[in-house]
Amino acid sequence: MYKSTRVETEISYSDQKPGTSGLRKPVKTVQQVNYTENFLQSLLETVCELEPTNRKLLIGGDGRYYNTTVIPLIVRMAAANGFKELIIGKDGLFSTPACSSYIRLNNCVGGILLTASHNPGGPDGDFGIKYNVANGGPAPDSVTNAIFEKTKTRTFYNIIDPVDIPLNAIGETVLETDQGQVSVRVVDGIECHEQLLGTIFDLPKIKSYLAQNNICITADAMAGVMGPTVHRIFGDVLGVDPSHLIRCTPLPDFGGSHPDPNLVYAAQLVETMKSGRYEFGVAFDGDGDRNMILGKDGFFVSPSDSLAVITANLNCIPYFAGRKFAGVGRSLPTSGAVDQVAKKLGFSLFETPTGWKYFGSLMDADMISLCGEESFGTGSNHIREKDGIWAALAWLSILSTRECSVEEVVKSHWEEYGRHFYSRHDYENLSTEQGAQVMAAVNSFTSPDAAIPQMGDTEVASCVNFSYTDPVTGDRALNQGVVFTSKTGSRVIFRLSGTGSSGATIRIYLEFYSTGGEEGDVQDILNPLVKFALQVSDIRAISGRHAPTVIT
Ligand code: VG1
Ligand code: CO
């Protein structure tokens, strides 16, 4: 019989406010006395208050360092707090899209995802705890705020005696506790997601297209959780030679890499693609929800364009054939490329704050079917998270239906809809004060009598601090970014990142729309916007930096 204990605590923590996507902290911070217990108890209590009956909880993670320490802790604390069914991915692994699929298809009350997504892992890296609700999506602000409030004044947590659950074997363990029986099931973390994808795409058609045309494709899982899924779907189902699937073994420190699929951190894939051997390449982030798509010779598809192209090619994806297409969503800083498609095809379009959680209510209310973010996230209403492998299969569906290359698809899209030159400049690891100073500088231009300098050779038509009212729930989100829009539709947007684990990161988003068939280097074309951004923010003087840390 496992006995439950109420442990009184002396230290409480004031820094456990979840950000854009869960609580992310350095491992060293999370290892402080009762730090994790403080957050978990607050989370479990909040879930019990919001959902009085369902006690079936999923526990998943991206395989990063410290996950296998925290998983047994969650089991013990959930059991002591009245949860009855606990589902854990084998080896503790569950990609973020797979969690979303599992929660939805198995009627869980929600899931605790141990991931800091694209942040580096290992003893000196980051750890993350994220809660997803019953629709399979990230908890909305109302839930994370309720958790945060509890964390600040916590004085105890509940826990049962130590348990021994072998995470490497699929099967059920029934714990007899003084709270009653608790079933703990270790399941295959891939199966449910894989089956769902099989109903969305025509995988045999993609397979035969690749085989008949001798097309080589490659994927880089960046030592994140998506590796085993890549082997099953790309390898077993699509027949891709496993030697073309790289970094597909999940590692606790992602092999020392920064598991963020962009041109900087996925440089290995970029180099591989430049060899010209492959027609298509894709990289995924640590928890498998982000994707970067590359064509032959390293042709880069910007995530904003990816969303627009998929929207314009819905007929290539069987899932959308039998359904009413509701509309599309994009986060504020995602380029307006998809807006052009929505306008032409008569779809409604929603502009939301950054973070996938803002798409959930729109999908639940059937207002959008497809959505994306400039940060390499794309997905549909099949789940309530972005889905890296879904995006890859969406692209392969387009290529195999239209029988052309990635570059041809994108270039013909630009011809039809115009081109949004786009880039994001990140200034990482500034101090909190420096971040606040930059935001205050740009925010001063939102005042009606501010004199705003020219943006390149055009005038600025407006400068606003973006706020959002969820059309379904009425929830408000304020201060979501400062947006400068020029008379010709160019935009420069400033925001503070909400996923860093310390200090401040300023993101500057630059977008120039051209219908004139302009070609050339993206950074050169955006240069006048960069100059404008530096002028209005004074970021160089404030930060002492001469250049961004990362340009994507
Ligand atoms: C970043 C991205 C945002 C994304 C979030 C979580 O947030 O900009 O678009 O939804 O990461 O992605 P921020 O606040 O740092 O800009 V993931 O794959 O790290 O869960
Ligand atoms: Co992620």
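The values are calculated or read from the model by the stated rules, or taken from the named source; none is laboratory data. This is a predicted model, so every value here is computed, not measured. No Cβ is skipped: glycine too gets one built from the backbone with ideal geometry, and neighbour counts run over all protein chains shown. To get the accessible areas, we keep the full protein, side chains included, count just its heavy atoms, and leave off ligands, DNA and RNA. Shrake-Rupley method; radii C 1.70, N 1.55, O 1.52, S 1.80 Å.
Some notes on this structure:
- Per-residue SASA entry for GLU519, accessible area with 1.4 Å probe, Å² rounded to 10: 140 Å²
- The long axis of helix 203-212 is offset from the longest Cα principal axis of the chain by roughly 50 degrees.
- Straight-line cross-link reach from LYS84 at under 18 Å between alpha-carbon atoms covers these aspartates and glutamates, not counting any fewer than eight positions away in the same chain: GLU45, GLU49, GLU51, ASP161, ASP164, GLU172, GLU176, ASP178.
- Annotation note: trypsin sites (Lys or Arg not before Pro) in the stretch 165-226 located in DSSP loop regions with a Cβ neighbour count of at most 15 within 10 Å are absent.
- Rolling a 1.4 angstrom probe over the stretch 62-136 with all protein chains present gives an accessible area of which 49% lies on carbon and sulfur atoms.
- Ordering 377-389, 33-45 by mean Cβ neighbour count within 10 Å, with the highest value first, yields 377-389, 33-45.
- Hits among aspartates and glutamates - C-alpha to C-alpha of LYS531 under 12 Å, sequence gap 8 or more where chains match: ASP457
- Taken per residue, the accessible surface of the stretch 397-552 reaches 47 Å², heavy atoms only and a 1.4 Å probe.
- For the chain: rounded, prolate or oblate by the Cα gyration tensor [a/c cutoff 1.5]: oblate
- Lysines whose Cα lies under 17 Å from that of LYS357, excluding same-chain neighbours fewer than 8 positions away: LYS17, LYS130, LYS386
- Environment charge at GLY346 (Cβ cut-off 15 Å; Lys +1, Arg +1, Asp -1, Glu -1): +2
- Euclidean distance of C-alpha centroids, the stretch 155-211 and the stretch 14-43, integer Å: 24 Å
- Accessible area per residue (1.4 Å probe, heavy atoms of protein chains only) ranks ARG247, ARG424 as ARG247, ARG424, with the largest value leading.
- Among the protein heavy atoms, those of ILE11 account for about 80 Å² of accessible surface (1.4 Å probe, every chain in place).
- Spatial separation of Cα centroids for the stretch 433-498 and the stretch 251-281, in angstrom: 33 Å
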